[in-house]
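Below: one structure, written as structure tokens.
Please treat every number below as a calculation from the coordinates, not as lab data. Treat the numbers as computed from the prediction; the structure is a model and nothing was measured. Don't worry about glycine lacking a Cβ; one is built from the backbone with ideal geometry, like all the others, and counts go over all protein chains shown.
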Amino acid sequence: MISPNYATLLDAEIHAYLEFNAGFMPSEPSLSNIRKAYLNFCEAIQPDLPEIRFSDGITGGVPTRRYVGKDQQALVVYFHGGGFALGNLESHHAICMEICDQTKLDVLSVDYRLSPEHPFPAHFDDAMAVTNALDGKLILMGDSAGGTLAASVAMRLRRKIHGLMLVYPWLDKPGEHGSFSEHAEAPVLTAQAVMDFETLRLNGQASPASTDYFPLLSDDFNDLPASYVSVAECDPLKDEGVLFNTLQIFSGGDSVLMEEAGLMHGHLHARHHSKRAAEAFQHIVEGLKNLSQWQKP
């Protein structure tokens, strides 16, 4: 297999963003240091924020932050990425603010428990608890590991969920798909990093054969909510999102695949540094608007 040439696949804006990102990597890569570096990076790239009201609270026993939009017809429940080991309400604060501002929908960001201190199924239990505590037209959204949670909860609750927005989601055990090998050395997220995050997630447990763990372990894709799946070209997880979209359509469901060329995993954070990432973010915003108005044929 010929290795992808990221020097040409990714444009100058993305390379500049990646160089800036790399400057935050700690010399001693302990989990504690990586967590701090990630939050420092998220703060450093935070743009001027829109004027959106928000408040912290508890939903289903789990810390959450609610952003108040002008359109109350649906609620976006957001599960942040970070390999189940990184991130919190602050790391994705600007993203949720802008989603609320541009879609006009309320957004509820979920501060689920992280591994390895709280291994699987703690994060899934938190995601279920929050969703079960909510009523109305719910759109579950997640990026990366947050996409795992959004999709796994939708697999459990199905008809309770109105829509699903998955952004470069992690949906299967590492190594099951071609992109995992093809983009094993991709920027931001390598195949080895995925395996390291899974080790933290399990913290010594055996890998469960459960859709609560990974949605693509399911053999039933019927009655899932209408979905949008956004995948990045240069991402070891790309094929997982493509397969989820395909299985949902083959099962008679409604799903839209958004394939973003010239982008890598984690590009939500690059939306103010790259034209391509900004366009991908607009595709996600439009998808959320469409889901909020979705009527089952």
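Residues of region 232-263 with backbone nitrogen within less than 20 Å of a virtual label 7 Å along the Cα-to-Cβ line of Asn222, please, listed as ranges. Only 244-255 pass the distance filter. For the chain, the convex hull drawn through the C-alpha positions has a volume of 122 cubic angstrom per residue. For the chain, the share of DSSP beta bridges that are antiparallel, to the nearest 5, is 30%.
Annotation for Glu279 and Gln192: the two label points, set 7 Å from Cα along the Cα-Cβ direction, are 3.3 nm apart. What net charge do the residues around Glu176 carry, taking every other residue with its C-beta under 10 Å from that of Glu176, with Lys and Arg at +1 and Asp and Glu at -1? It works out to a net charge of -2. This ranking places Cys96, Cys234 by how few other beta-carbon atoms lie within 10 Å of each, fewest first, which gives Cys96, Cys234.
Karplus-derived 3J(HN,Hα) values for region 279-287, using 6.51 cos²θ - 1.76 cosθ + 1.60 with θ = phi - 60°, are 5, 4, 5, 5, 4, 5, 4, 5, x Hz; glycine and proline are entered as x. Only helical runs count toward this figure. For the chain, summing -39,500 (n - 2.57) over DSSP H runs of n ≥ 4 and dividing by all residues gives -11500 deg cm²/dmol at 222 nm. When each of Arg35, Arg53 is scored by the number of other beta-carbon atoms lying within 10 Å, the sequence from fewest to most is Arg53, Arg35. Please list, or write none, the lysines whose alpha carbon is within less than 24 Å of the alpha carbon of Lys275, excluding same-chain residues fewer than 8 places away. Straight-line reach from Lys275, under 24 Å: Lys104, Lys238, Lys289. Along the chain, the exposed loop sites are GluC sites (Glu not before Pro) outside DSSP states H, G, I, E and B with at most 16 other Cβ atoms within 10 Å, and the longest stretch free of them is 186-297.
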